[in-house]
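Visitor: Below is one structure. I have some questions about it.
The values are calculated or read from the model by the stated rules, or taken from the named source; none is laboratory data. Since this is a predicted model, take the numbers as computed values, not measurements. Ideal geometry is used to build each Cβ from the backbone, glycine not excepted, and the neighbour counts take in all protein chains shown. SASA here: full protein model, heavy atoms, side chains in, ligands and nucleic acids out. Shrake-Rupley method; radii C 1.70, N 1.55, O 1.52, S 1.80 Å.
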Amino acid sequence: MSKSVSKRWNVRKAAVLGAGVMGSGISAHLASCGIPVLLLDIVPPDLSGDDAKDPAARNKFAAGGVKAALGSRPPVFLDTNAAARIEVGNFDDDMAKIAECDWVIEVVKEDLAVKKALLDRVQKYWKPGIVLSTNTSGLSISAMMEGRPDDLKSHFLGTHFFNPVRYLHMLEVIPGAETDPQVVSNVADFADRYLGKGVVYAKDTPNFIGNRVGVYSMMHALQVMQEMDYTVEEVDAIAGPSMGRSKSAVFRTADVVGIDTLMHVARTCYEGLPDDPQQDVFNPEGILTRMVEKGLLGQKSRAGFTRKEKGAFQTLDFESLEYREKQKPDLSVLKSLRGVADAGERLAKLLEDEGRAGQFAWKMLSADLAYTASIAEEIADDLVNIDRAICWGFNWEIGPFAAWQAIGVEASVKRMRAEGLSLPAWIDDAIAAGGFYSADGSQAFVPGKGMQPTPAIPGQLSITAVRQSKGPVAENESASLFDLGDGIACVEFHTKANAIDPGMVDFLERACDIVEEDYDGLIIANEGVHFSAGANLALILQYIKAKEFDAVEQVSKGLQDACQRLKYLSKPVVTAPHGQVVGGGCEVAMAGDRMMVAQETYMGLVEVGVGLIPAGGGCLNLLKRAMAGIPTTATCDRLTIIQKPFETIALAKVAMGGLDVFKAGFGSAVDELSINSDRNTSDAKTLARYLADRGYTPPAQADNLILPGRGGSAAFGNYVDGLVHGGFASEHDAKIAGHVARVLCGGDTNGRVAVSEQQILDLERESFMTLCGEPKSVDRIEHMVTKNKPLRN
């Protein structure tokens, strides 16, 4: 082994070899995370004449990869400006430049011969200390290193990013037989801290962990579907969230991955695992090969198991390979599961069903579990890495062993064996140990070793673990307060979708009282899919229908008061927004002294979509962010400054990612970005502790805002009239926008009188209440509550 590997590995520049979908996606993510990238690909083979000497023509494939990444939907760049960090080139002219890089990632065609040929070229320019990795979905790491120098072998490993790179949390790290453990540690630490990845350690076996287990599940579902005569629509309805799996279920996942890619991964297992008792499940011959031959490759060809034609989804007929109208599955049991928040409980209830849904779910799940157990020791060192791989790589809510635990290990094993499924002997040891996980999750079963401490996720601070070990300091039906240690407390929401309701607002006030007395700081964080999906619209609609307008106003006033309390608390308050952070959730997030914004945060004040305006302090705090740093006496065009928050609110713009939160104006100069979702709560706590240690004092209220007044409102009115005349907005949109303009411009002043925060809050609430009495606004609220879709009227 090499003795030159440093524990302080710093990636000052990376090279990505291959500019296809994966290569360009990896490059985009590295660049978005601040790493300069050299992106190389082959020289186009058909060049002639002057083009053969033209660098732009010779770099066409690499440049095309960057262009494709910039145009990708959903976006693969966190920030499109990061594309400037990517230097393009080609293998013939620029390979020597890899010597300037700290990390070289090979991402060419998934063909062992092609990869080995490129690595031969890389070897000529490789220097000791450079980490070299292959992004392969399942080819042998050791085979790629055959015959190469020992020092190169010690710096080589597999790094399997999942597509799309930005959105899928997992990075599989696969050491070769001679990879230096310090190299493995360095890459894992860098991926965690700088790229925001959840690292899973896999053994060097065909398709590693994620694709071995995940693709088996997909191929087996395809097989069972045809055996039991189910439709594509039925399978995707059953094998999605009802089973604790991703919304894309089986066939939509296949379309996103690519039918050709799925076929290749399946074939790798089929050909590379001759002794696997389930080898035939991986046989890609049949529907997959027929689809590829016809060019039905899924999302990349806009046609796969499903396609969208004239705005309507259609489904592939397996016999004719033609498309038919999408059918709505008649599986009533699935509706009853939608309100079950816990994925394990949801799955257990589904298996109680004796109809088509429950039968298919059991047939699929039982085989998945039996197969995963049979290969567990072959593909990973423990069961935890397997569960994490499937959750992080395939977006499942719970992995196979956590799912098994949820349905009852002993009872399900008895049923599986009665049905003839083969299980390894260590399953009985797991049953004797109480299952695969201890009740609090701190211990996990390892075959041959029994219960062992669950491997920690680096940097993670688990609120769930705090709940289980300490319990809450205080709680009600909407939220809880926890002691995170080190003098920092945490408010966690736990309503449906973490919607803001009166109970949550009341609890925020109560939490502030406790923190003032007993703690040095407060964070607001939770472990739900979304930080908060906004206000409880159903409750507001109920109040409006009952003409209880005092109760409606109290909803607004209560949230305003709570957000102001958070803003000016004598102890630092850090919010940790992630996922959807809209409406009232956005208002709470902006109410902290600081935000620790997760990489995948989708933030917006979207109230105009339901006929209202933000009225929990959202207008005020977005306005203050826009006006930050502008002295009261400054001579400047304040209307131009206010135009951005006006458009953000009036057009219901949503920031599409953590960096966009800052570009859109929701994030301030003192807020921070947390690149790894696993670390978001911990990062928020660290920031709160830092602020407290500095000797925190709350900010002063902005009670001398000079705003444009009536003249500003009129100017914005002209702008909106243009949108109406152009067909981009309705008359009611214009009415709502007029209220937004009046609030942001400070009401009916002459533009020279200072306006206080309280005046802006009063204007917010006044407009909110006026709109609650507008029939068209009520129609919008009701449509969203009943249809979960916005209404344009």
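Visitor: As I understand it, the value is the acute angle between the Cα axis of helix 680-693 and the longest principal axis of the Cα atoms of the chain; what does it come to in degrees, rounded to 10?
Guide: Compared with the principal axis, the helix lies near 50 degrees.
Visitor: Looking at segment 44-76, which trypsin sites (Lys or Arg not before Pro) are DSSP coil and have at most 10 other C-beta atoms within 10 Å of their C-beta?
Guide: Answer in residue order: Lys53.
Visitor: With unit charges on the beta carbons (Lys and Arg positive, Asp and Glu negative) and the dipole taken about the Cα centre of the chain, which residue among Gly448, Ile238, Leu539 sits farthest to the positive side?
Guide: Sorting the options by dipole projection puts first Leu539.
Visitor: Looking at segment 292-365, which GluC sites (Glu not before Pro) are in a loop (DSSP not H, G, I, E or B) and have at most 14 other Cβ atoms within 10 Å?
Guide: Within segment 292-365, the qualifying GluC sites (Glu not before Pro) (loop, at most 14 other Cβ atoms within 10 Å) are Glu319, Glu322, Glu352, Glu354.
Visitor: A follow-up question, please. For segment 31-146, with only Lys/Arg (+1) and Asp/Glu (-1) charged at the beta-carbon, what is the dipole magnitude about the Cα centre, in debye rounded to 20?
Guide: The dipole of segment 31-146 has a size of about 200 debye.
Visitor: How would segment 514-667 be classified by its alpha-carbon gyration tensor: rounded, prolate or oblate, with rounded meaning a/c under 1.5 and the a/b versus b/c comparison settling the rest?
Guide: rounded
Visitor: About the Cα centre of the chain, how large is the charge dipole given +1 on each Lys and Arg Cβ and -1 on each Asp and Glu Cβ? Please answer in debye to the nearest 20.
Guide: 1580
Visitor: Provide the per residue accessible area, probe 1.4 Å, for segment 392-499, rounded to a whole number of square angstrom.
Guide: With the other protein chains kept in place, segment 392-499 gives 46 Å² per residue.
Visitor: Can you bin segment 209-349 into rounded, prolate or oblate? Criterion: square roots of the alpha carbon gyration tensor eigenvalues sorted a ≥ b ≥ c, rounded for a/c under 1.5, prolate for a/b above b/c, oblate for the rest.
Guide: Judged from the Cα gyration tensor, segment 209-349 comes out oblate (a/c at least 1.5, b/c at or above a/b).
Visitor: So if I place +1 on the C-beta of Lys and Arg and -1 on the C-beta of Asp and Glu, and nothing else carries charge, what would the dipole magnitude of segment 713-777 be about its Cα centre? I want it in debye, nearest 20.
Guide: Result for segment 713-777 is approximately 80 debye, rounded to the nearest 20.
Visitor: Please state the relative contact order of the chain as a whole percent: Cα pairs under 8 Å, 6+ residues apart?
Guide: 8
Visitor: What lysines sit close enough to Lys116 to cross-link, taking a C-alpha to C-alpha distance under 16 Å and skipping anything fewer than 8 places away on the same chain?
Guide: Of all the lysines, those that pass the test against Lys116 - Cα under 16 Å, at least 8 places apart if same chain - are Lys124, Lys153.
Visitor: In addition: Cα-Cα over 19 Å: which of Lys547/Lys787; Lys496/Lys653; Lys571/Lys685; Lys67/Lys308?
Guide: Pairs exceeding the cut-off: Lys547/Lys787; Lys496/Lys653; Lys67/Lys308.
Visitor: Please work out whether segment 2-119 counts as rounded, prolate or oblate from its C-alpha gyration tensor, where a ≥ b ≥ c are the square roots of the eigenvalues and a/c under 1.5 means rounded, while otherwise a/b larger than b/c means prolate and anything else oblate?
Guide: Note, shape of segment 2-119 comes out oblate.
Visitor: Can you list residues from other chains, or at least 5 along the same chain, whose modelled amide H is less than 5 Å from the amide H of Leu673?
Guide: Result for Leu673 returns Val597.
Visitor: Give me the angle, in degrees from 0 to 90, between the Cα long axis of helix 259-272 and the longest principal axis of the Cα atoms of the chain, rounded to the nearest 10.
Guide: It works out to around 40 degrees.
Visitor: Restricting to DSSP H runs of at least four residues, report the calculated mean residue ellipticity at 222 nm for the chain, -39500 (n - 2.57) per run over all residues, nearest 500 deg cm²/dmol.
Guide: After summing the helix terms and dividing by the residues of the chain, the value is -13500 deg cm²/dmol.
Visitor: May I ask for the angle, rounded to the nearest 10°, between helix 112-123 and the longest principal axis of the chain, with both axes built from Cα atoms and the value confined to 0 to 90°?
Guide: Once rounded, the angle reads 80 degrees.
Visitor: Same structure again: Which loop-located trypsin sites (Lys or Arg not before Pro) does segment 219-317 contain, where loop means any DSSP state but H, G, I, E or B and the Cβ has at most 13 other Cβ atoms within 10 Å?
Guide: Loop-located and lightly packed - Lys247, Lys294, Arg302, Lys310.
Visitor: So, with a 1.4 angstrom probe, what is the percent of accessible area on the chain that is carbon and sulfur?
Guide: About 50 percent, which is the carbon plus sulfur part of the accessible surface.
Visitor: In the chain, with Lys and Arg counted as +1 and Asp and Glu as -1 at Cβ, which of these residues, His530, Trp426, Ile706, has the Cα nearest the positive end of the dipole, that is, farthest along it?
Guide: It is Ile706.
Visitor: Given the pairs Lys557/Lys644; Lys60/Lys97; Lys197/Lys349; Lys545/Lys776, which span a C-alpha to C-alpha distance of over 23 angstrom in this model?
Guide: The answer is Lys557/Lys644; Lys197/Lys349.
Visitor: Compare the Cα positions of Leu273, Leu763, Ala249 along the charge dipole of the chain (+1 at Cβ of Lys, Arg; -1 at Cβ of Asp, Glu; about the Cα centre) and return the one farthest towards the positive end.
Guide: Result: Leu763, furthest along the dipole toward the positive end.
Visitor: Amide H to amide H under 5 Å from Val16: which residues, 5+ apart in sequence or cross-chain, H placed 1.01 Å off N in plane?
Guide: The list, which skips near neighbours in sequence, is Leu38, Leu39, Leu40, Ile105.
Visitor: In sequence order, what are the phi-derived ³J(HN,Hα) couplings for segment 762-775 according to the Karplus relation 6.51 cos²θ - 1.76 cosθ + 1.60 with θ = phi - 60°, rounded to whole Hz, with x for glycine and proline?
Guide: The phi angles translate into 5, 5, 3, 5, 4, 5, 4, 5, 4, 5, 5, x, 7, x Hz.
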